[in-house]
1. Hey, can you tell me all the residues within the stretch 103-149 that are over 20 Å from residue 165 (Cβ atoms), in a strand (DSSP E or B), open to solvent by less than 80 Å² (accessible area, probe 1.4 Å) and not charged (D, E, K, R)?
2. Pull up the stretch 56-77, narrow it to residues that are hydroxyl-bearing (Ser, Thr, Tyr) and open to solvent by less than 40 Å² (accessible area, probe 1.4 Å), then point me to the one that is farthest from residue 31 (Cα to Cα).
3. What tally of residues in the stretch 78-92 results from selecting those that are more than 16 Å from residue 169 (Cβ to Cβ) and either among the charged types (D, E, K, R) or open to solvent by less than 60 Å² (accessible area, probe 1.4 Å) (or both)?
4. Scan the stretch 22-55 for residues that are crowded, with 16+ Cβ neighbours inside 10 Å, polar (S, T, N, Q) and free of Cβ contacts under 8 Å to residues at least 40 places away in the same chain and jot them down.
5. Pick out the one residue from 175, 180 that is buried (at least 19 other Cβ atoms within 10 Å of the Cβ) and of a type outside the set (Asp, Glu).
Amino acid sequence: MDFSGSFGDGPGPGGGTPTPFVAGYKPHQGDLMVYGGGVATLIGVLATVVQVNPVFLVISLMGTFSALYFWPTLDPRVPQLGADLRGIYVARVGIIRWEAIADMKVEWHALRTMQLSTLVLKVDGPLKDALAYREKVPLLHRVSAHNARVSGSTVKVTLHTLNMDPAVIEKRLVALRAAAKDA
């Protein structure tokens, strides 16, 4: 699963084929939830010791669960989305073959001053048949935050949390899909 390539736009070194790309989380995407959860854990433990009341342990448990749930969002080097001529890589799903994708679009939503975007992939038939490679997900990662949602034969990937401009991702996916059809 080598998705090496530049983050730049345009064709690859040969001139005609778009370059593969990968995108991870934006730096500091989950800092507030992880470090805030750690602080809530410490406050809950200290309040329990000082007040000698185990009710404050609930605060510490909530903080601990928050920190563990959002832990994967701290590392921007872990790929969440990528693409090459074989297909689209979605973290915790695997590589979806281009020929198995029936529909691909980016949905844009405005929320006050924020522009939110989601990549929606619909595959022909069951998702397990559309995969060129199925990623094995450890148990701890199954219950923690992730960037993709799978529902039947539809995969939705949140793009605005990634370290690459969603408009550039959309442009490059369209170019790679067209190049894969021609190959």
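The values are calculated or read from the model by the stated rules, or taken from the named source; none is laboratory data. All values derive from a computational prediction rather than experimental measurement. Note that we place each Cβ from the backbone using ideal geometry, even for glycine, and neighbour counts take in every protein chain shown. What goes into the accessible areas is simple: the full protein's heavy atoms, side chains included, and nothing from ligands, DNA or RNA. Shrake-Rupley method; radii C 1.70, N 1.55, O 1.52, S 1.80 Å.
1. Within the stretch 103-149, 123, 131, 132 meet the criteria.
2. Among those that are hydroxyl-bearing (Ser, Thr, Tyr) and open to solvent by less than 40 Å² (accessible area, probe 1.4 Å), it is 60.
3. Result for the stretch 78-92: 2.
4. Scanning the stretch 22-55 gives 41, 48.
5. Just a single option satisfies the conditions, and that option is 180.
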